[in-house]
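Asks: Have a look at this one before I ask anything.
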Amino acid sequence: MLPTVEDARKTILPFISALKKVPVDTSSALGRVLADAIQAPICLPHWDNASVDGYALRAEDVSQASINTPVSLFLQEEVPAGQTAQKPVEKGTCCRVFTGSPMPPGADAVVMQEDTKVISGGSVLVMECVRPFEYVRFRGEDIQAGKQVIDKGKRLTPFDLGLMSALGITQCQVYEPPKVGVIVTGSECVEAGQPLPPGKIYESNGLLLQSLLVQAGANPCVFPIVSDELKDTTERMDQAIHECDMLITSGGVSVGEHDHIKPAIKALGGTIHLWRMRMKPGKPMVFAQLRGKPVFGLPGNPVSAAVTFVLMVYPALQKMSGCHSWDLPQCVGKLAHAIENQEDRHHFARVRMDEEGLIRLAEGRQASHALGSLILSDGLLGIPEQTRLEAQTEVRVIRWPRLGDF
Ligand code: AMP
Ligand code: MG
């Protein structure tokens, strides 16, 4: 019996490992995968500070203050953002502060500007009682110095980079992103932009796979189209595997006499670990190793290439990129109508999910060459062999990945 998709992943992933670590400036680290965890070198906030515009004071001085019994405090100085108080706040005094101003020594709370009135003679009337520590943001209340704030294996987001800046960090260690070669095979394939002779097709997989690789955070390297000749296929694969960390081919993995990917891998001394899975579309996918590097031979039909990329290549790329998780992004919803799979292999249907979480088959043909329904879909619904899923069944959809999903 052919392996399931799960079996196939278990075969593939042990052959994949992360590439080397490199230092990078945080200013160009967006989307890179962190290779060394980040520890906070300082506390955030760095010191106790005011959370509103107002007056720093001693809460006990104004514990009885109200609109009818205001308390007058002597205003001794003003601490704008970026400066520190020159004098401690003592009994009966206060200090003008603004959001973010460091708390003056001696003060333990802040009264909001709206609850005060400045009166002549350099005093402030406080018209509201204030509890100790009111409107104070404490040193380290957000992040304590020494805490591990970002785990190794995380793809860095804008928020991670903002935090690193707040901590004064300008550089971090990330993993080198995989350089992935893409070889499109097929004597019928012509690149868009060229004349289209009879019998030829504009090929779609070069740009489709290149774009999926960019979304996955990898560096794609697309080679010129290879004709269905063993010699051409072997030479191009030999070149690509030297230049890249991983190789993806499209087409030429079926049983026809013009399918040269497997013979080329063998001719180059590679090892084929997997060929064909119990899935639709994408059954004939190949996984091999060539010169110690992973090779994915994807089927030529564009939907099969997209589906096998997401289900098989994507997790491998995440692992090779050093990500701590290589699970596929999923979401849960309910079927709007029944869906049946009468075949003896797992079907990955292209589906849409609406705002209410209702899932339906994407419009158009569910066929491995049908790009029309692929572009209307939000993801894939797996339907096990010989299974009927009734309307309203709760199901998980594998969402098409986007940049930064992991
Ligand atoms: P193959 O996997 O080479 O047997 O091809 C299966 C089907 O996919 C055939 O109809 C091919 O013409 C088509 N095909 C192969 N490669 C591409 C490509 N790069 N773009 C679009 N269709 C392709
Ligand atoms: Mg072909």
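FYI, it's all coordinate maths here, none of it is from the lab. If you're wondering where the values come from, they're calculated on a predicted model, not measured in any experiment. Note: ideal-geometry Cβ built from the backbone for every residue, glycine included; neighbour counts use all protein chains shown.
Asks: Give the distance, in whole Å, between the Cα centre of the stretch 146-217 and the Cα centre of the stretch 270-328.
Replies: Taking the Cα centre of the stretch 270-328 as reference, the centre of the stretch 146-217 is 16 Å away.
Asks: Another question, if that's okay. Beta carbons within 10 angstrom, averaged per residue: use that to sort the peptides 352-362, 274-284, highest first.
Replies: Most protected by this proxy first, the peptides run 274-284, 352-362.
Asks: Rank-order 240-252, 171-183 by packing density, defined as the average count of other C-beta atoms within 10 Å over each peptide's residues, highest first.
Replies: 240-252, 171-183
Asks: Tabulate in residue order the Karplus-calculated ³J(HN,Hα) for the stretch 69-85, using 6.51 cos²θ - 1.76 cosθ + 1.60 with θ = phi - 60°, rounded to whole Hz; enter x for Gly and Pro.
Replies: 10, x, 10, 9, 10, 7, 7, 8, 6, 10, 10, x, 3, x, 10, 10, 5
Asks: Would you work out which of A305, P220, G251 lies farthest towards the positive end of the dipole of the chain? Charges go on Cβ: Lys and Arg +1, Asp and Glu -1.
Replies: Of the candidates, G251 comes out farthest on the positive side.
Asks: Suppose every K and R has +1 on its Cβ and every D and E has -1 on its Cβ; what is the size of the dipole of the stretch 106-179 about the Cα centre, in Debye to the nearest 20?
Replies: The dipole of the stretch 106-179 has a size of about 440 debye.
Asks: Sort W47, W400 so the one with the fewest other Cβ atoms within 10 Å of its own Cβ comes first.
Replies: The order, fewest Cβ neighbours first, is W47, W400.
Asks: What is the stretch 189-283's relative contact order, in percent, from Cα pairs under 8 angstrom and six or more apart in sequence?
Replies: The value is 18 percent.
Asks: Another question, if that's okay. Per-residue HN-Hα couplings for the stretch 253-270, Karplus 6.51 cos²θ - 1.76 cosθ + 1.60 at θ = phi - 60°, whole Hz, x for Gly and Pro?
Replies: After applying 6.51 cos²θ - 1.76 cosθ + 1.60, I find 10, 8, 9, x, 6, 9, 9, 10, 5, 5, x, 5, 4, 5, 4, 8, x, x Hz.
Asks: Next question. Among V97, L207, T233, which residue has its Cα positioned farthest towards the positive end of the charge dipole of the chain, with +1 placed on the Cβ of Lys and Arg, -1 on the Cβ of Asp and Glu, and the dipole taken about the Cα centre?
Replies: Highest projection toward the positive end goes to T233.
Asks: Moving on to the next point. Provide Rg and Dmax in Å for the chain, with only Cα atoms included in the calculation.
Replies: That works out to 31.0, 99 Å for Rg and Dmax.
Asks: To continue, here is another question. Starting from the amide H of T393, placed 1.01 Å from N in the peptide plane, find each other amide H under 5 Å away whose residue is 5 or more places distant or on another chain.
Replies: Those qualifying (amide H under 5 Å, at least 5 residues apart or on another chain) are L335.
Asks: Taking the number of other C-beta atoms within 10 Å as the exposure measure, put Y135, Y314, Y202 in order starting with the fewest.
Replies: Arranged by neighbour count, lowest to highest, Y135, Y314, Y202 become Y202, Y135, Y314.
Asks: Here's a follow-up. Taking 8 Å as the Cα distance limit and 6 or more residues as the minimum spacing, I'd like the relative contact order of the stretch 30-169 as a percentage.
Replies: For the stretch 30-169, the relative contact order is 41 percent.
Asks: Return the percentage of antiparallel bridges among DSSP beta bridges fully within the stretch 54-177, rounded to the nearest 5 %.
Replies: 75
Asks: Note down the magnitude of the dipole of the chain about its Cα centre, charges +1 on Lys and Arg C-beta and -1 on Asp and Glu C-beta and zero elsewhere, to the nearest 20 debye.
Replies: Dipole about the Cα centre, nearest 20: 1040 debye.
Asks: Please list, in chain and number order, the residues 5+ apart from S72 or on another chain whose amide H is under 5 Å from its amide H, with Hs placed from the backbone.
Replies: V126
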